[in-house]
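> Mind having a look at this structure? Questions to follow.
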Amino acid sequence: MSRGHEVRGERAVTWSVDSETGVLRDVLLCPPDHYQWIPTNSIARDTLASDKRIDHQRLQAQYRELEDALDHAGVTRHYIEPEAHLKYQVYTRDSSQTTPWGPVMTTLAMPQRRGEYASILKFYGEHGGFWNYGTRGTVEGGDIHIIRDGLLVVGHSGGRTDREGAEQFGQWFAEKGWEVRLEGFAEHFLHLDVLFCMATDRLAVACTEVLGDEFADWLKAHGIGIVEATYREVMEMSCNLLALGGDRVISPRHSRRINAALRAEGVTVLDPELDLFAAGGGSVHCMTMPLRRDPA
């Protein structure tokens, strides 16, 4: 259950997020009751072409490790209802996006995932409704990074988020005085959070080999250091982590080198095993939609 409404002026705001790194209080999840790998991204297609198979008992155990890490961090868990035909519902990052002014209903690109809108409508209908709706092109939460109050980057590859959808989402923030960067990248990489995630308010994990020096310089100009990720680590979903706030993250256990680099920077790393989800093209950032963070 939610913790109720926070009242700002005359408007009741149920959920609010103004950064990627404020202390995480509430998160939206979906249990992987019907999870299967489906060929909606390059990582999953490679997995399906291999001899790998899902051990569903181990899959459920891995998901419990993620839940335990969230509990250890003091995060309240909320759930949407899984449906048998929606195999990737577990990746709750994509189907909505919490903003400083409330949730946005995003626009999913893949036909196999569009049905996820129903459980999202039901959840937010019972918890305060939406602030806005994506109505142009496509935009998915994995491409949206609310870095800090006043600073937003939205990725677009044309595959999952297109330029039109990114521009509409970014314009809402620009109208409120935010600096907005639209970052194009190759469709092969699915979402921007495969290549880049904030770990703390001053540190990101990013593959600048792909994103380029201009993006790296932009981060550094905003006081954000970089833990570099290789192409191989990107394709293992090792950039895909969840900042908990307070210099803490949840990062998959198989991201050993990156996790060691984060710890060397003074970051506390909780590391559940999530390799079966990573093989489907998603990891902890994809599997979590922050609903409420403390102001950064």
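The values are calculated or read from the model by the stated rules, or taken from the named source; none is laboratory data. Fair warning: this is a prediction, and the values are worked out from it, not measured in the lab. As a convention, Cβ positions derive from the backbone with ideal geometry for all residues, glycine included, and neighbour counts pool all protein chains shown. Accessible surface is based on the protein model in full, side chains and every heavy atom, while ligands, DNA and RNA are left aside. Shrake-Rupley method; radii C 1.70, N 1.55, O 1.52, S 1.80 Å.
> Check each of the trypsin sites (Lys or Arg not before Pro) in segment 151-203 and keep only those in coil by DSSP with at most 14 other C-beta atoms within 10 angstrom; list them in order. Walk me through the numbers on the way to the answer.
Numbers: sites: ARG160, ARG163, LYS176, ARG181, ARG202; in loops: ARG160, LYS176, ARG202.
Qualifying residues, ordered by number: LYS176, ARG202.
> Right, here's the next one. Calculate the FRET efficiency for ARG53 and GLU81 from the Cβ-Cβ distance with a Förster distance of 25 Å, rounded to the nearest 0.05.
Working: r = 27 Å, r/R0 = 1.08.
Computed FRET efficiency for ARG53 and GLU81: 0.40.
> List the residues whose amide H sits under 5 Å from the amide H of THR288, counting only those 5 or more places along or on another chain, with H placed 1.01 Å from N in the peptide plane.
THR92, ARG93
> Only bridges whose two residues both fall in segment 23-294 count here: according to DSSP, what percent of them are antiparallel, nearest 5?
The antiparallel fraction comes to roughly 50 percent.
> Under 16 Å from the Cα of LYS52, which aspartates and glutamates turn up, not counting those fewer than eight places away in the same chain?
GLU236, ASP275
> Next question. Any idea of GLU140's accessible area? Nearest 10 Å², probe 1.4 Å.
Roll a 1.4 Å probe over it and GLU140 shows about 0 Å².
> Next question. How about LYS122: which lysines have a C-alpha closer than 28 Å to its C-alpha, ignoring those fewer than 8 places off in the same chain?
LYS87
> So with the 1.4 Å probe, I'd like the accessible area per residue for the chain, rounded to whole Å².
Ligands and nucleic acids excluded, the figure is 39 Å² per residue.
> A further question on this structure: Can you give me the solvent accessible area of PHE130 with a 1.4 Å probe, rounded to the nearest 10 Å²?
Here the accessible area works out near 40 Å².
> What ³J(HN,Hα) values, in whole Hz, does the Karplus curve 6.51 cos²θ - 1.76 cosθ + 1.60 give for segment 193-202 when θ = phi - 60°, with x put for Gly and Pro?
Karplus-based 3J(HN,Hα) across segment 193-202 equals 6, 7, 9, 7, 8, 6, 9, 9, 5, 10 Hz.
> Further question: Using the C-alpha gyration tensor of segment 1-160, what are the square roots of 5 times its eigenvalues, in whole angstrom, with the largest one first?
Details: eigenvalues 150, 77, 47 Å².
One finds semi-axes of 27, 20, 15 Å for segment 1-160.
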